[in-house]
1. What are the residue pairs meeting all of these: first residue in region 286-299, first residue assigned by TED's automatic domain parsing to the domain that holds Met348, second residue more than 12 Å from ligand 2 (Cβ to nearest atom) and open to solvent by 20 Å² or more (accessible area, probe 1.4 Å), Cβ atoms under 6 Å, and 6 or more apart or on different chains?
2. Right, Leu132: more than 16 Å from ligand 2 (Cβ to nearest atom), buried (at least 18 other Cβ atoms within 10 Å of the Cβ), of a type in the set (A, V, I, L, M) and in the same structural domain as Leu51 (by TED's automatic domain parsing) or not?
3. Which one is farthest from Cys42 (Cα to Cα) among residues in region 216-234 that are open to solvent by 40 Å² or more (accessible area, probe 1.4 Å) and more than 16 Å from ligand 1 (Cβ to nearest atom)?
4. Among the listed residues Val210, Val231, Val197, identify the single one that is within 14 Å of ligand 2 (Cβ to nearest atom), under 16 Å from Ile257 (Cβ atoms) and of a type in the set (A, V, I, L, M, F, W, C).
5. Return the pairs, sorted by first residue and then second, in which the second residue is small (Gly, Ala, Ser), the first residue lies in region 63-76 and is at pLDDT 95 or above, the beta carbons are less than 6 Å apart, and the residues are 6+ apart or on different chains.
6. On the basis of being within 16 Å of ligand 2 (Cβ to nearest atom), modelled with pLDDT of 95 or more, in a helix (DSSP H, G or I) and not polar (S, T, N, Q), does Ala369 make the cut?
7. Looking at (1) over 15 Å from Leu245 (Cβ atoms); (2) within 15 Å of ligand 1 (Cβ to nearest atom); (3) touching a Ser or Thr at 6+ places or on another chain (Cβ under 8 Å), can you tell me which one Ala306 breaks?
8. How many of the residues in region 279-305 are open to solvent by 10 Å² or more (accessible area, probe 1.4 Å) and either away from ligand 2 (no atom under 16 Å from the Cβ) or of a type in the set (Val, Ile, Thr) (or both)?
Amino acid sequence: MNPKSPTKTELPLYKASPALEAIDIAQQAQNDQRVYIETYGCQMNVSDSELMSGILTRNGYEMVDRVDDANVVLLNTCAIRENAEEKVLNRLVHLHHRKRRQSDLVLGVCGCMAQHMKTKLIDAAPYVDFVLGPDAYRNLPMAISSVTTGDPFLGLKLDRGEDYADIAPIRKEGIRAWLTIQRGCDKMCTFCIVPFVRGRERSIPMHLLVDDVKRLADEGFKEVVLLGQTVNSYDDGTHNFGDLLFGMSEVEGIDRIRFTSPHPSDATDALIEAMASCDKVCNQIHLPLQSGSTRVLETMRRTYTAEAYRELVAKMRAHIPDLSISTDVIVGFCGETEQDFMETYDLMAEIRYDSAFMFKYSSRDGTLAHKTLDDDVSEEEKGRRLKEIIALQENISHEINQELIGETVEVLVEGESRRDPDNFQGKTDGFKTAVFPKESSEIGDLVGVKVESVTAHTLIGSMVAAPE
Ligand code: SAH
Ligand code: F3S
């Protein structure tokens, strides 16, 4: 039932060189398996799916874009809230039907939910062929090929030495590339499952990352988004996050650098200096608040107070002109009173974020909050609080965007607008979506767009000369 996971050394080591990659593919293309990866959750999972594509392609598997074309389906899953796991369980029921019709279909569950549920996933869905956590992707070829043995393959060992630094991900073409610079998290916020499913924090050496960025520039990418759970605690033993931003800014051909998500407690002066002085580093930060109540922040073990957060925002705004700030907020955490909630509401109103991701607290089995605190805010009350801050934030986002009417913003053209093929869409430096008639611009251009009208989420305008 539970075959021993192979050790890393038993598996081939891959080189990132495209030439060697081609030889690998030629030598290893020994099967006709076509793999479709369906990705759930955050950008880190999108990046991990690219990594999985890299591993599989070099082992002779063909990657396909449609589930109908596949005979191997991998779900790369999320465990952050209960509804993320429910979504995948529902999807599995669907895929089970497909498996009944398509007898050679291989079904693997990978990522955070796999690591979280472990064998419980097999109990819930016995037709799943393998379950692989985030540190076990090197085992993908073995997991797929072992399906004939009948027993589900389990790869659930977290490995603090695994950074996949030697594996070249396969990215979809585009102008924005996601680059994982760090894996895992050492922070242990009491509500959060991430440290349990992604393991301890580890950073990829800076020289490899700078080489990656050079390669991305050669491939035509214009923007790089650095990813890590607490991305600004990056530390490769020699370099900190500020060093990395300075180093990457030197790379020619890349116009913009962003990162997500930093932790407020690791927002050092080195980070602020790098943001203020590197032109390519966008004046935009996603700075998760979680709660505006210091008492709640303490029970969450967020390691900062509301006051310290407020001061940090003031300091960043003082040093970085036109800084665009977004955040994450949780309502209804264990013991959150109306007073605590109002402190969150008031702090959001005071800071005036450009945008926010807002969530109802979802108790996660395995976390300290689940073990030691009462999930005592009712579902209805969580819903009411969530509605209130969403309404507040919508107003603020709309008002901030309205102030941009008549201004010219710099937009990196990403592609056709989903609603109108005559329009292009792209992001501003502050990561706001802008839509404008195509005219003579091309994908990948940096253009000036004069804002004519706005919604809470989009700027609508037309092209003019780019701002100085
Ligand atoms: N440091 C990571 C956090 C990942 S989780 C990052 O920012 O990349 C993303 C967000 O999900 C968190 O900031 C938090 O607001 C929310 N979240 C995490 N655990 C949650 C839970 N148990 N219930 C509700 N929201 C949660
Ligand atoms: Fe989760 Fe806190 Fe880390 S939110 S990812 S434990 S910083």
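The values are calculated or read from the model by the stated rules, or taken from the named source; none is laboratory data. Nothing here was measured: the structure is a model prediction, and the numbers come from that model. Cβ placement follows ideal geometry from the backbone for every residue including glycine, while neighbour counts extend to all protein chains displayed. Note: accessible area is taken over every heavy atom of the protein model, side chains too, but ligands, DNA and RNA are not part of it. Shrake-Rupley method; radii C 1.70, N 1.55, O 1.52, S 1.80 Å.
1. Within 6 Å, the pairs are Gly292/Glu343; Ser293/Glu343; Thr294/Thr305.
2. Values: more than 16 Å from ligand 2 (Cβ to nearest atom): yes; buried (at least 18 other Cβ atoms within 10 Å of the Cβ): yes; of a type in the set (A, V, I, L, M): yes; in the same structural domain as Leu51 (by TED's automatic domain parsing): yes.
Taking the combined requirement at face value, the residue satisfies it.
3. Out of the qualifying residues, it is Asp218.
4. On the way: Val210 fails: within 14 Å of ligand 2 (Cβ to nearest atom); Val197 fails: under 16 Å from Ile257 (Cβ atoms).
Result of the check over Val210, Val231, Val197: Val231.
5. Here the result reads Met63/Ser53; Val64/Ala70; Leu74/Gly108; Asn76/Ser49; Asn76/Gly111, each pair linking region 63-76 to a residue that is small (Gly, Ala, Ser).
6. So Ala369 fits the description; yes.
7. Only one criterion in (1) over 15 Å from Leu245 (Cβ atoms); (2) within 15 Å of ligand 1 (Cβ to nearest atom); (3) touching a Ser or Thr at 6+ places or on another chain (Cβ under 8 Å) is unmet by Ala306, namely (2).
8. The qualifying residues number 9.
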